[in-house]
Amino acid sequence: MKPLRAVLEKRVPKEYYASDYIRKKRRAEHPPTKGPAIWHENKAGHISAYPYSCALRAGASYNYLLVNGKRRLTPREMLRLQGFPDSFRIVCNYSQTRKQAGNSLPVPVAEAVLTNVFFSCGWSNGQRSNCVKACHEFE
């Protein structure tokens, strides 16, 4: 798994930053974190900060998750958190990308499940390359 620092973009457009009101509210509720963190606010208003994203929800508000209490995740960052490669093309708007990322199954989880299914069925020796080869035999 990549560390959050590797997932986050260096330069983020201003449009992703939360309003002054929301940033001040978050800072009043939670002290600053040392390293990069995803700040999560639950329905009760409790704010927690983790060095990973605890939840991407398809229908969540824009400011449900904030990087260091300051800004929303960019579409690319949301997809990276779900294990999508940077070569994955984003062809829809922010709202749709957020929903797709929130509804998706993380790519590494899907790979791990399929590898174990193939292994348990005797279709491979557990190596990813053999599992991919076995999968392509069914095409």
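Where a number appears in this text, it was derived from the coordinates with a stated rule and is not lab data. Since this is a predicted model, take the numbers as computed values, not measurements. Ideal geometry is used to build each Cβ from the backbone, glycine not excepted, and the neighbour counts take in all protein chains shown.
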Does any residue of segment 33-40 turn out to be without any contact (Cβ under 8 Å) to a residue 24 or more places away in the chain and small (Gly, Ala, Ser)?
no
Selection count, segment 65-120, where residues are in contact (Cβ under 8 Å) with a residue 60 or more places away in the chain and surrounded by fewer than 16 Cβ atoms within 10 Å (Cβ to Cβ)
1
Identity of the residue in segment 1-22, of a type in the set (A, V, I, L, M) and not in a loop (DSSP other than H, G, I, E, B), that ends up farthest from residue 85 (Cα to Cα)
22
Quick one: in segment 1-24, of everything that is hydroxyl-bearing (Ser, Thr, Tyr) and under 22 Å from residue 54 (Cα atoms), which residue is surrounded by the fewest Cβ atoms within 10 Å (Cβ to Cβ)?
17
Which condition number in (1) out of contact with any helix residue (DSSP H, G or I) (no Cβ under 7 Å at 6 or more places or on another chain); (2) under 25 Å from residue 105 (Cβ atoms); (3) of a type in the set (A, V, I, L, M, F, W, C) is the one that residue 22 fails?
(2)
Mind checking whether some residue in segment 52-60 is touching a residue at least 40 places away in the same chain (Cβ under 8 Å), under 23 Å from residue 1 (Cβ atoms) and aromatic (Phe, Trp, Tyr)?
yes
